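The values are calculated or read from the model by the stated rules, or taken from the named source; none is laboratory data. Just so it is clear, the structure is predicted and the values come from calculations on it, not from any experiment. Here the Cβ is made from the backbone with ideal geometry for all residues, glycine too, and neighbour counts use every protein chain on show.
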Amino acid sequence: MFTGLVQAAGRIERCTAGVRLRLAEPGGLGELALGDSIAVDGVCLTVAELLPAGAGFRADVSEETLQRTVLAERAGTGAWVNLEPALRLSDRLGGHLVSGHVDGLGLVRAIRREPASWRLELVWQDPAYGRYICEKASICVDGISLTVAGCEPDGAGFWIAVIPHTWASTTLQHRRAGDAVNLEADLLAKYTERLLAAAHPGAAGLTAGWLREQGW
């Protein structure tokens with residue numbers, strides 16, 4: 001598990017049998033060990049090999065991960081990626097619970113500089129995931145824990161107010177309109193939907209009409 005609070009940055013060198021990262025700030029992750037879980041742009045990967053002289057690590061990536069994320073797209077371009085080690089039970093939960101299992105891709109619709117923040121507008125590539133989005137919900141974008149500031153009625157399109165610290169310390173500063181990003185919806189929302197659907201098959205979709213019928 002992760003919190004979505006980025007602690008270091010790295011570059012993807014290549015993506016063939018695995019993803020090879022060269023860390024820009026190796027100290028940001030502390031001392032790595034084989035088998036450690038690291039979130040790479042929000043994707044939970046396992047350290048399979050440590051490179052000499054603190055140059056980074058190699059992690060194996062499945063076909064499923066390559067198809068569902070932007071790791072393959074960013075490989076070989078020298079792209080910066082956000083890095084976060086796995087959460088310890090004694091750590092503070094400063095962001096929100098992030099599993100590192102990307103749901104799908106989002107597209108950057110627009111980025112606008114505001115007086116005290118940046119307005120980041122995103123849209124789910126698969127609009128069905130919009131059901132997990134609501135105002136003030138948590139969303140993980142490229143491994144960054146962010147808060148939804150507003151959204152369209154179906155949730156497929158939404159926007160986020162990014163504070164200067166987050167902008168400067170993550171890869172968001174490199175994003176441009178039209179770029180793809182990894183998105184992971186709030187874990188609690190997905191579990192809630194699953195449990196309700198299992199207990200009440202008619203609840204699929206959780207429509208306002210169904211909620212009224214159940215007395216909500």
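Give Arg109, Arg131, Arg212 a once-over and let me know the one that is at pLDDT 95 or above and not assigned by TED's automatic domain parsing to the domain that holds Asp41.
Working: Arg131 fails: at pLDDT 95 or above; Arg212 fails: at pLDDT 95 or above.
Going through Arg109, Arg131, Arg212 in turn, just one is at pLDDT 95 or above and not assigned by TED's automatic domain parsing to the domain that holds Asp41: Arg109.
Tell me, please, whether a residue that is assigned to a loop (DSSP other than H, G, I, E, B) and over 11 Å from the mean Cα position of the chain (by Cα) can be found in the stretch 100-113. Talk me through it step by step, then tell me what you get.
Filtering the stretch 100-113 for residues assigned to a loop (DSSP other than H, G, I, E, B) gives 100-103.
From the residues that got through so far, the ones that are over 11 Å from the mean Cα position of the chain (by Cα) too are none.
Scanning the stretch 100-113, I find no residue that is assigned to a loop (DSSP other than H, G, I, E, B) and over 11 Å from the mean Cα position of the chain (by Cα), so the answer is no.
Select, from Ser145, Ser169, the only residue that is surrounded by 14 or more Cβ atoms within 10 Å (Cβ to Cβ), out of contact with any His (no Cβ under 9 Å at 6 or more places or on another chain) and not charged (D, E, K, R).
Ser169
Based on what the data block shows, is Ser99 surrounded by fewer than 15 Cβ atoms within 10 Å (Cβ to Cβ) and modelled with pLDDT under 95? Walk me through how you get there before you give the answer.
On the way: surrounded by fewer than 15 Cβ atoms within 10 Å (Cβ to Cβ): no; modelled with pLDDT under 95: yes.
In short, no.
Scan the stretch 62-78 for residues that are of a type outside the set (D, E, K, R) and at pLDDT below 85 and jot them down. Quick ask: steps written out before the conclusion?
Just the residues of the stretch 62-78 that are of a type outside the set (D, E, K, R), to begin with: 62, 65-67, 69-72, 75-78.
Ser62, Leu66, Ala72, Ala75, Gly76, Thr77, Gly78, listed by residue number.
Quick one: in the stretch 172-195, which of the residues that are touching a helix residue (DSSP H, G or I) at 6+ places or on another chain (Cβ under 8 Å) and among the charged types (D, E, K, R) is surrounded by the most Cβ atoms within 10 Å (Cβ to Cβ)?
Here the answer is Asp186.
Is it the case that Ile144 is under 21 Å from Lys190 (Cα atoms) and among the β-branched types (Val, Ile, Thr)? Give the derivation first.
Values: under 21 Å from Lys190 (Cα atoms): yes; among the β-branched types (Val, Ile, Thr): yes.
When the stated conditions are applied, Ile144 passes them.
Could you tell me which of the residues Ala156, Ala55, Ala116 is touching a residue at least 24 places away in the same chain (Cβ under 8 Å) and assigned by TED's automatic domain parsing to the domain that holds Glu13? Show your work before the answer.
Details: Ala156 fails: assigned by TED's automatic domain parsing to the domain that holds Glu13; Ala116 fails: assigned by TED's automatic domain parsing to the domain that holds Glu13.
Going through Ala156, Ala55, Ala116 in turn, just one is touching a residue at least 24 places away in the same chain (Cβ under 8 Å) and assigned by TED's automatic domain parsing to the domain that holds Glu13: Ala55.
From the list Ser145, Ser138, which one is more than 28 Å from Thr77 (Cα to Cα) and either basic (Lys, Arg) or touching a Leu at 6+ places or on another chain (Cβ under 8 Å) (or both)?
Ser138
Residue by residue, here is whether (1) assigned to a loop (DSSP other than H, G, I, E, B); (2) in contact with a Phe, Trp or Tyr (Cβ under 8 Å, 6 or more places away or on another chain); (3) in contact (Cβ under 8 Å) with a residue 60 or more places away in the chain holds:
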residue: Ala33; (1), (2), (3): yes, no, no
residue: Ile38; (1), (2), (3): no, yes, no
residue: Val47; (1), (2), (3): no, yes, no
residue: Gly78; (1), (2), (3): yes, no, yes
residue: Glu84; (1), (2), (3): no, yes, yes
residue: Leu87; (1), (2), (3): yes, yes, yes
residue: Asp91; (1), (2), (3): yes, no, yes
